[in-house]
Amino acid sequence: MKEFKFKIDGKDYEAQVAEQDNGVLAVTLNGNTYAVEVPALAHHAVKPVVHQSAAPAAAPRAAAPSAAPAAGTIVAPLPGTIKQIVAAEGQKVKKGDTILTMEAMKMENAITAESDGTVLKVRTSVGASVNQGDILVDFQAEGAPAAAPAPAPAAAPAAPKAAPAAAAPAAAGAKNVEAPLPGTIKQVLVSVGQEVAAGDTVVVMEAMKMENNITAEFAGKVTAVNVAVGDQVQSGQAMVVLA
């Protein structure tokens, strides 16, 4: 089971997603459970548990040999719908370049390259529904002819960056812009003393290999910025304080 905490229009949500038989997901949202039928999941039921860096992945791959790429892959970090294909087959991209965008949990997220390399084959299309672990793109990392970029290095900085979680709480009357889920700060777009309007992007963070714009839910003046680029944040952590 996977658990998510996020905000939509200022309202807190907690979701748990558990895979059932025959392509059905049990989705519990704020205590209410729904049976969500995902037709593609019925045909690839084993894919959501495949991790490209794990040795035991050999058995699930045998169930869909046609999908096994010759080089590295970019996979869906969670279920969603493909909104845009940005990079073309044969295109060379830089680390951080957007390969495609997908909508998940009512958010549009950019799926980016983890290293410099070349897009070998796009295995999805606009409007397609994908499941967690589905292969979206075959990717040739620069300098790694036979292996996909390992996801482990991205998680390595987690331990030394844990300190920002202890940021001081907002003063009386102030309001926090909080992290909707755990992730890494990619950009800080505001500074102390700056006036922002409701809907302005204040921070860009990467979560589950997707970049997300975190916006102010209300207008105000920035009184504190509790994070910096590269910081690891936890769900509910105050990143920016407005008064």
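The values are calculated or read from the model by the stated rules, or taken from the named source; none is laboratory data. Because the structure is a prediction, the values reported are computed rather than measured. Neighbour counts are summed over all protein chains in view; Cβ atoms, including those assigned to glycine, are modelled from backbone coordinates with ideal geometry. Surface accessibility is based on the protein's heavy atoms, side chains included, excluding ligands, DNA and RNA. Shrake-Rupley method; radii C 1.70, N 1.55, O 1.52, S 1.80 Å.
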Scan region 232-243 for residues that are in a loop (DSSP other than H, G, I, E, B) and open to solvent by 20 Å² or more (accessible area, probe 1.4 Å) and jot them down. GLN234, SER235, GLY236, ALA243
What pairs come up if the first residue lies in region 100-124 and is part of a loop (DSSP other than H, G, I, E, B), the second is of a type in the set (Asp, Glu), and their beta carbons are under 9 Å apart, counting only those six or more places apart or on different chains? ALA113/ASP97; SER115/GLU142; ASP116/ASP97; ASP116/GLU142; ARG123/ASP134; ARG123/ASP138; THR124/ASP134
Restricting to region 104-121, name every residue that is closer than 15 Å to ILE85 by Cα and open to solvent by less than 30 Å² (accessible area, probe 1.4 Å). ASN109, ALA110, ILE111, THR112, ALA113, THR118, VAL119
Hey, can you tell me all the residues within region 188-231 that are assigned to a strand (DSSP E or B), within 26 Å of LEU100 (Cβ to Cβ), more than 14 Å from the chain's Cα centre (by Cα) and not hydroxyl-bearing (Ser, Thr, Tyr)? VAL188, VAL202, VAL203
In region 192-207, what residues are open to solvent by less than 60 Å² (accessible area, probe 1.4 Å) and not β-branched (Val, Ile, Thr)? GLY193, ALA197, GLY199, MET205, GLU206, ALA207
When the residues of region 84-97 are narrowed to those that are surrounded by fewer than 14 Cβ atoms within 10 Å (Cβ to Cβ) and closer than 16 Å to LYS209 by Cα, which ends up modelled with the lowest pLDDT? LYS95
May I ask you to list the residues in region 174-187 that are open to solvent by 60 Å² or more (accessible area, probe 1.4 Å) and under 16 Å from the mean Cα position of the chain (by Cα)? PRO182, LYS186, GLN187
